[in-house]
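To start, the structure under review is shown below, and the notes come after it.
Just so you know, all these numbers are worked out from the coordinates, no wet-lab data involved. This is a predicted model, so every value here is computed, not measured. Cβ sites come from the backbone with ideal geometry, for glycine too, and all protein chains shown count toward neighbours.
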Amino acid sequence: MSLSGNDGRDGFTSKFGILCATAGSAIGLGNIWRFPYVVGENGGGAFLLVYLGFILLLGIPVMLSELVIGRRGQRNTFGAFRKLAPGKPWWIIGVMGIAAAFMILAFYSTIAGWTLEYIVKSFANAFQGQSSESLAEMFREFHTGIFWPLFWQVIFMIMTAWIILAGVKKGIEKYAKILMPFLVGLLLIMAIRSITLPGAMGGLQFLFKPDFSELTAGVFLAALGQAFFSLSIGMGAIITYGSYISKGNNLTTIAAEVSIADTLIAILAGVAIFPAVFAFNLDPAEGPGLIFHVLPSIFQQMPGGYFFAVIFFVLLAIAAVTSSISILEVVVAFVVEELKISRRKATIMSATAALFVGVFCTLSFSSLGNVNIGGLTIFGVLDFTASNILLPLGGLLIVIFVGWVMMAADVKDELSNAGALKIRLYSAFNFIIKFIAPVAIAIIFLNSIGILKI
Ligand code: TRP
């Protein structure tokens, strides 16, 4: 008997599988690559505080709202809104989500491609005996090249499509379950190495000692975008996964557990990175290349660094795949269910289309590097538009949908598994999604474009 129990749709089979798949979506390059460099660019400790506040106040409620919509709708994002609000234009959230999915997948596959190259480099012992300047030069030479970054991007996209082709149980759930737990152990070891380096204190202070003079409107927007990106919320990935969760599971605990795990891992990555940044005199604000400079330097200073480096980059690539599949799944589920195209064709088409956009992103570090759109490169535009605009806007509409459009009885029904669970904190959740979250997101937006000055 299929536990997903819904007109033969594929779905997750166990609570542990759901957690690994959903946490697998949330935990990825966003935690280990994006979080440290965004913290670095936004001044450190004060950003971290704002970020944590957003996770708690906005992130968890939005994630729970997505789970509610998904499991209630039993469809892809677009289909779920059409089913839950027939004849009304809420499906636009689904369309926005699909657009965001293409943009994110495009730059995600660029960066994931870098991690594949770094698997090879660590296998080849390329970091051994190099100064941090020459490690920086090594990275520069690689990522401003053309052939290899594109090659790895294609390989990564094929890996993602491969797992998606296998479906939900046999693909997504199976892979996430085996590999997620390993990553955590390794990050812990690296964090310990990093904080025991001479000169590490400066990094811990940077990360944990807030300097409130650093807080600007842009910092709030960056924290909001990072929170949404890291939790995989605002574009329907969690709606899609929610539709694969069977009725007996407690959505509230899933949202809480996944958000907590995701946040702890981001902080752990910060603790692994910043002490080393300061110990090696690197620039915390140097941008997307940060971990590719810092991590090899850490490995070089570790006994057994060769093996740790290999294992780490393998795990990072896996964490990236368990995330990218959740992005591609948003598009594939839409194409399969709404356009009635086979899963196989849908996967190949969607991955190819994402790859097409992705090539421009990868080349924006080399031959298209001087394409400048409002002061940003192609990579910068894709990342900013998706993470800082589309995701928060999607999140805004999603909470409004659950708070004001869905019937309270239906929402309670999902949260309580038709009355089987006691729902504590419902009134807090309801108040947040009805009032706090929409107002907060709106203020951050208006403030950052300068319409509102706070
Ligand atoms: N959260 C993932 C990460 O941190 C990336 C990701 C997966 C994502 N699915 C998403 C981001 C959906 C936004 C929306 O690496």
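May I ask for the angle, rounded to the nearest 10°, between helix 174-195 and the longest principal axis of the chain, with both axes built from Cα atoms and the value confined to 0 to 90°?
40 degrees
Which of the three applies to region 1-145, rounded, prolate or oblate, going by the alpha-carbon gyration tensor with a ≥ b ≥ c and a/c under 1.5 meaning rounded?
Since a/c reaches 1.5 and a/b is larger than b/c, the shape of region 1-145 is classed as prolate.
P(r) tail for region 311-447, what percent of Cα pairs lie past 26 Å?
52 percent
Taking only the alpha carbons of region 15-448, what extent do you get along each of the three principal axes, in Å, biggest first?
So the extents along the principal axes, rounded to whole Å, are 63, 48, 43.
I'd like the distance between the alpha-carbon centres of region 67-91 and region 276-294, rounded to an integer number of Å.
First find each Cα centre; the distance between them is then 43 Å.
Let me check I have the definition right: for region 201-358, take the eigenvalues of the Cα gyration tensor, multiply each by 5, take square roots. What are those semi-axes in whole Å, largest first?
Square roots of five times the eigenvalues give 34, 21, 17 Å.
What are the trypsin sites (Lys or Arg not before Pro) within region 308-408 that DSSP puts in a loop, where the Cβ has at most 15 other Cβ atoms within 10 Å?
Listed in order of number, the matching sites are K340.
Mind jotting down the distance between the C-alpha centroids of region 220-269 and region 406-454, whole Å?
15 Å
About its Cα centre, what dipole magnitude does the chain give when the only charges are +1 on Lys and Arg Cβ and -1 on Asp and Glu Cβ, stated in debye to the nearest 20?
1420 debye
Where the centroid of each part is defined by its Cα atoms, how far is region 144-160 from region 324-391 in Å?
14 Å
Order these peptides, 155-164, 418-427, by their mean beta-carbon neighbour count within 10 angstrom, highest first.
By packing density, highest mean first, the sequence is 155-164, 418-427.
Rounded to whole Hz and in sequence order, give me ³J(HN,Hα) for region 388-398 from the Karplus expression 6.51 cos²θ - 1.76 cosθ + 1.60, θ = phi - 60°, writing x for Gly and Pro.
Computed from phi, the couplings for region 388-398 are 8, 10, 5, 5, x, 5, x, x, 4, 5, 5 Hz.
Straight-line reach from K434: which aspartates and glutamates fall under 19 Å, measuring Cα to Cα and dropping same-chain residues less than 8 apart?
Partners within reach: E66, D410, D413, E414.
Cα to Cα, under 24 Å, and not fewer than 8 places away if on the same chain: which lysines meet these conditions relative to K177?
Partners found: K15, K169, K247.
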